[in-house]
Amino acid sequence: MRKILLLTLFISVSLLSIAQVSLDRVVAVVGKYMILESEIKNGLEDARAKGYNLSENGDCEIFEQLLLMKLLIAQADKDSVTVTDGEVENELNRRVNYMVQQFGSEENMEAQLGKEIALIKEQYRKEVKEILIAQKMNQKIAGEAKVTPAEVRAFFKSIPEDSLPLINSEVEIGQIIKKPTVNEKAKKEAREKLAQLRKQIVENGESFAVKATLYSEDPGSARNGGEYANIQRGSFVPEFEAAAFRLKPGEVSEIVETAYGFHIIQLIAKRGDFIDVRHILISPKISYDDLTRCKIFLDSIYQLIQSGKYTFCEAATRFSDESETKMNCGLMINMGAGNTRFEIEELGQMDEKLVFMLDKMNVGDISEPLPFATRDQKQAYRIFYLKTRIAPHKANLKDDYQRLQSFASNQKQERLLNEWVNRKLKSTYIKIDAYYKKCSFKNNWLQHAESFK
């Protein structure tokens, strides 16, 4: 009943595995693509670092995943399936940002790995591109495998009673978020500070990158001189993007206002729908009075819900400042599960204080306004609603239909992919090192493979 392991489970290019194997060798060839021994060793390290349960022959599991990836890439060549430079850059940034969190800071990461982030990204660019192409090819083959309600029921009935998965305690929670309105004085101060910086750059010829490093309040780019490289159209908020794409290389924009604050932007280069830019962000400062007004507003909403004038759903739809949840009656979405249920452990990873608060609440309870930091680290207030608390139980169709639907869909995708693989193996050149002839594979790789001499 486990979710299908496709492509990136063991070969997600662990950026922790920087050290390279000194004596590398080819252990397989699929079409024109080689698999190196170091790829398998790095895959093992990655799997162990992420806590995956490997069998005794874990190297065989990783080796088959690599064989599958190379077969998908070979087919992608024939079908002209590609990815853009922007997609590769975005994925590299996502992976690097994850690793920075593990190390605590960019400085710690670079010090411990002995390489600058730019060099680490360049080292793994080719591997990440291959993974993205393989994922896109896999999506083309099996990604649209939808399952009907009848298939979900049949899947559930096929699971032996003693093999039904245990579902941990889960909750459904709603929230109404109120972000403080920035006062005009703070906006004016932020604008004036940015206008002075722009004057020093445009009129006095001072370095944009140096000013960004010293003064920009965007933690994602300030350390790099305010630079974002190879960004595809559609990646930024509309106001920022419209100003950036109008610029000529080297030109500095007028002051641009977005939800994040005020920016000045310098275009470095433009390549069709891709740009390299620098920017400086100055955000208006939230005052104590701004936050107090925010709390008072939510207090009044809390009272209106308690008095029965609004349901929580109605209040969230009308008053919440969070676009992601307000049209869903304020219910938080579990992006990993694709539904509105969260295990307590998941919530603990997001916010430990939230878990303690929910532990004291009964179903139907609403919290008083509580302070918190938004994703962009701005202060705000929110109230919570505990809609449902589901006790630990064995999976069943009534309570766990969406979860079972996902399992059934994964199983169908796996079957479609395996059928495709075994068809393609008959017409694809495969060569495998004799050491891996010991492996028991899911697919018929050995049946169609030559051996190294």
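The values are calculated or read from the model by the stated rules, or taken from the named source; none is laboratory data. What you see is a predicted model, and the numbers here were worked out from it, not measured in a lab. For neighbour counting, all protein chains shown are included, and Cβ atoms are generated from backbone atoms with ideal geometry for every residue, glycine included. When the accessible area is computed, the model is the full protein with side chains, heavy atoms only, and any ligands, DNA or RNA have been set aside. Shrake-Rupley method; radii C 1.70, N 1.55, O 1.52, S 1.80 Å.
Once segment 196-215 is narrowed to residues that are open to solvent by less than 70 Å² (accessible area, probe 1.4 Å) and touching a residue at least 40 places away in the same chain (Cβ under 8 Å), the residue that is nearest to Ile255 (Cα to Cα) is Arg198.
Annotation note: of Gly250, Gly272, the sole residue that is out of contact with any Leu (no Cβ under 9 Å at 6 or more places or on another chain), surrounded by fewer than 21 Cβ atoms within 10 Å (Cβ to Cβ) and free of Cβ contacts under 8 Å to residues at least 24 places away in the same chain is Gly272. Asp321 meets the conditions (1) modelled with pLDDT of 95 or more; (2) touching a Lys or Arg at 6+ places or on another chain (Cβ under 7 Å); (3) not hydroxyl-bearing (Ser, Thr, Tyr) in every case but one. The failed one is (1). Beta carbons closer than 6 Å, at least 6 apart along the sequence or on distinct chains, pair a first residue in segment 92-104 that is closer than 14 Å to Glu122 by Cα and surrounded by 12 or more Cβ atoms within 10 Å (Cβ to Cβ) with a second that is at pLDDT 80 or above and not aliphatic (A, V, I, L, M) for Leu92/Lys121. Test Lys140 against the stated conditions and say whether it is open to solvent by 20 Å² or more (accessible area, probe 1.4 Å), over 30 Å from Ala395 (Cα atoms) and modelled with pLDDT of 80 or more. Yes: the conditions hold for Lys140. Looking across segment 216-242, the residues that are open to solvent by less than 40 Å² (accessible area, probe 1.4 Å), at pLDDT 85 or above and not in a helix (DSSP H, G or I) come down to Ser216, Asp218, Ser221, Gly225, Gly226.
Does Ser440 qualify as being within 30 Å of Ile73 (Cα to Cα) and exposed (fewer than 14 other Cβ atoms within 10 Å of the Cβ)? For Ser440, the condition - within 30 Å of Ile73 (Cα to Cα) and exposed (fewer than 14 other Cβ atoms within 10 Å of the Cβ) - is met. Could you tell me whether Val152 is part of a strand (DSSP E or B) and surrounded by 15 or more Cβ atoms within 10 Å (Cβ to Cβ)? No: the conditions fail for Val152. Of all the numbered requirements in (1) outside any helix (DSSP H, G or I); (2) surrounded by fewer than 16 Cβ atoms within 10 Å (Cβ to Cβ), Arg423 misses one, and that requirement is (1).
Could you grab me the full set of residues in segment 300-320 that are touching a strand residue (DSSP E or B) at 6+ places or on another chain (Cβ under 8 Å) and buried (at least 16 other Cβ atoms within 10 Å of the Cβ)? Write out each step before concluding.
If we filter segment 300-320 for residues that are touching a strand residue (DSSP E or B) at 6+ places or on another chain (Cβ under 8 Å), which is where we start, we get 301-302, 305-306, 312-313, 315-316, 319-320.
Those that are touching a strand residue (DSSP E or B) at 6+ places or on another chain (Cβ under 8 Å) and buried (at least 16 other Cβ atoms within 10 Å of the Cβ): Ile301, Tyr302, Ile305, Phe312, Cys313, Ala315, Ala316, Phe319, Ser320.
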